[in-house]
Every structure is written in C-alpha cells, then in structure tokens.
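In what follows, a single structure is set out as structure tokens and then discussed.
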Amino acid sequence: MLHLDLTLVAAAGHGALRAAATIGQGAALLTGPSGAGKSTLLALLAGAIPPQSGTLRWRNQTWSDGPNLLVPSHLRGVGWQPQASSLHPGWTARDHLDATYRFRPQRPDLEAAIIDGLELGPLMARRAGQLSAGEAQRVALLRALAACQGLLLLDEPVTALPPQLARRAVELIASLTEEQGWTAIAVSHQPLEGLQPTAHLELAEGLLRTL
C-alpha cells in the first residue's frame, strides 16, 4: 500500500504540486495535461527528487518526511522506467541488468520470463548506443521490471514500440503486476491495451485526485 501526502515543486513554471492519495495493489493510470507534473511525481516516488513537505510511506516504511529522504532511491526496491532514456550507451542490455542487481535480489526465473516476453534475447549482448528507440525502450522496461520489488513506475512505457509488441509488453506488465502483487503506476498518452487498471489518478492544476 502506497500512502502519499506531499507538496513538491512541479515542472518549471507550474508552481507547487499537491499529491495526497492511498494506492493499493494493482495497476493505476496517472493522467493529466502535459506539464501537469506527472513525470515529476513519479521521480519523487522513485526517490530521485525530494518533496518540500509531507510524508511518503510504502507499506509500513516511511520513505521521506518533508525534504528528508529517509530511504534512498537504490534501497526502495522501486522499478522505474523514466520517459527520457537513462541507458548508458556503452553498456549492453546485460550490463544494465547486472547493475540493477547490485541492490536487488536476482530472480532468474522472473528475468527469463521478462526477456522472453519483451523479445530481448537476441539483443542482450548489444550496446545501448547501437539500439533503435524501440529496442532501447524495451531494455529500459526490462530493467524496471527486474528491479521491482513492489512498486512499479512507468512513464510512457511503450510509445516507441509497434502496436503488436506494445500490446505484448503491456500484457506482460499486467500479468507480472497481478502475479507478484505489485502496485504499478503508469503514465501514458496512448491506450495501454491489455491493462485493466484498478485505479485512475488525475493530476491537474497542481492537485492529484482519485477518479
């Protein structure tokens, strides 16, 4: 269960953002106009930026209290796929996965299912700088899914994928979320076919609300 009651700085020019919600297991869609602060909110949940005030709790653990990050990002067990590529161009897909395991337990069975579901087997030895936009997006999604230990944050996860592969990726996200008991929050301006959200969040005019 994710509990957030926060005030944070949204994207430049958009002032303060107020987010208060309790989100349980399952997939939640986060919608709102461009520039509303959706990506900023996911970055805050991932621990990449601190809030101005308020608390963020995951299950029985307080992750942040005001601007104080009590649990750093690498210890939160969050799977985060940011909208902007964060892959190291000189690393292979395998290198990115191995780096993820520095602070996560390895789960070979889950890893194999994700690689197969995203059709990444032939690409694991290729460097990120040699990948197409869609291939890089799948590697970023692989890393997020492998890192997830309960909270999965996806920012436009399949925009660069062709329709059939996008649907397969979304179905994989949906099945893992259900099987593993994850809480997933997804931002997407395109329909995520195959995902049946259990909650719908809207961020607009500086406020987050549950629809």
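Free of Cβ contacts under 8 Å to residues at least 60 places away in the same chain, out of contact with any Ser or Thr (no Cβ under 8 Å at 6 or more places or on another chain) and of a type in the set (Gly, Ala, Ser), is that true of Ala48?
Criteria not met by Ala48.
State whether the residues of the range 106-114 include one that is part of a loop (DSSP other than H, G, I, E, B), surrounded by 13 or more Cβ atoms within 10 Å (Cβ to Cβ) and either touching a residue at least 40 places away in the same chain (Cβ under 8 Å) or among the charged types (D, E, K, R) (or both).
Yes, the conditions are met somewhere in the range 106-114.
Tell me, which strands (runs of 3 or more DSSP E) lie completely within the range 1-102 with 2 or more residues that are of a type in the set (A, V, I, L, M)?
Once the strands (runs of 3 or more DSSP E) in the range 1-102 are filtered for at least 2 residues that are of a type in the set (A, V, I, L, M), what remains is 2-9, 16-23, 26-31.
For Leu176, only one of the following conditions fails: (1) part of a helix (DSSP H, G or I); (2) of a type in the set (A, V, I, L, M); (3) in contact with a Pro (Cβ under 7 Å, 6 or more places away or on another chain). What is its number?
With (1) part of a helix (DSSP H, G or I); (2) of a type in the set (A, V, I, L, M); (3) in contact with a Pro (Cβ under 7 Å, 6 or more places away or on another chain) applied to Leu176, the lone miss is (3).
Note down all Cβ pairs under 6 Å where the first residue falls in the range 140-166 and is within 12 Å of Leu192 (Cβ to Cβ) and in a loop (DSSP other than H, G, I, E, B), the second is among the aliphatic types (A, V, I, L, M) and modelled with pLDDT of 95 or more, and they're at least six residues apart or on different chains.
As it stands, the answer is Pro157/Leu141; Val158/Ala166; Val158/Ala169, since those pairs meet every condition given.
Can you report the number of residues in the range 21-46 which are farther than 24 Å from Leu70 by Cβ and either hydroxyl-bearing (Ser, Thr, Tyr) or in contact with an Asp or Glu (Cβ under 7 Å, 6 or more places away or on another chain) (or both)?
Residues meeting the conditions: 3.
Per-residue answers, yes or no, for (1) farther than 23 Å from Ser188 by Cβ; (2) surrounded by fewer than 20 Cβ atoms within 10 Å (Cβ to Cβ):
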{"site": "Val78", "(1), (2)": "no, no"}
{"site": "Pro89", "(1), (2)": "yes, yes"}
{"site": "Leu97", "(1), (2)": "yes, no"}
{"site": "Tyr101", "(1), (2)": "yes, yes"}
{"site": "Gly129", "(1), (2)": "yes, yes"}
{"site": "Ala133", "(1), (2)": "no, yes"}
{"site": "Asp155", "(1), (2)": "no, no"}
{"site": "Ala166", "(1), (2)": "no, no"}
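Scan the range 115-130 residue by residue and report those that are more than 12 Å from Arg168 (Cβ to Cβ) and free of Cβ contacts under 8 Å to residues at least 12 places away in the same chain.
Hits for the range 115-130 are Gly121, Pro122, Gln130.
Report every pair of residues separated by at least 6 positions or lying on different chains whose Cβ atoms are under 6 Å apart, first residue within the range 183-196 and over 15 Å from Leu2 (Cβ atoms), second among the acidic types (Asp, Glu) and crowded, with 19+ Cβ neighbours inside 10 Å.
Val187/Asp155
Would you call Ser64 in contact with a strand residue (DSSP E or B) (Cβ under 8 Å, 6 or more places away or on another chain), hydroxyl-bearing (Ser, Thr, Tyr) and farther than 22 Å from Pro157 by Cα?
yes
Taking the conditions exactly as written (outside any loop (DSSP other than H, G, I, E, B), within 17 Å of the chain's Cα centre (by Cα) and modelled with pLDDT under 95), does Leu203 satisfy them or not?
So Leu203 fits the description; yes.
Any idea how many residues of the range 173-199 are at pLDDT 95 or above, farther than 16 Å from Gly117 by Cβ and surrounded by fewer than 16 Cβ atoms within 10 Å (Cβ to Cβ)?
Final tally of qualifying residues: 1.
Which numbered condition trips up Lys38, out of (1) closer than 20 Å to Leu207 by Cβ; (2) among the charged types (D, E, K, R); (3) modelled with pLDDT of 95 or more?
(3)
The values are calculated or read from the model by the stated rules, or taken from the named source; none is laboratory data. All figures in this text were calculated on a predicted structure; none of them were measured in a lab. Here Cβ is always computed from backbone atoms with ideal geometry, including for glycine, and neighbour counts include all displayed protein chains.
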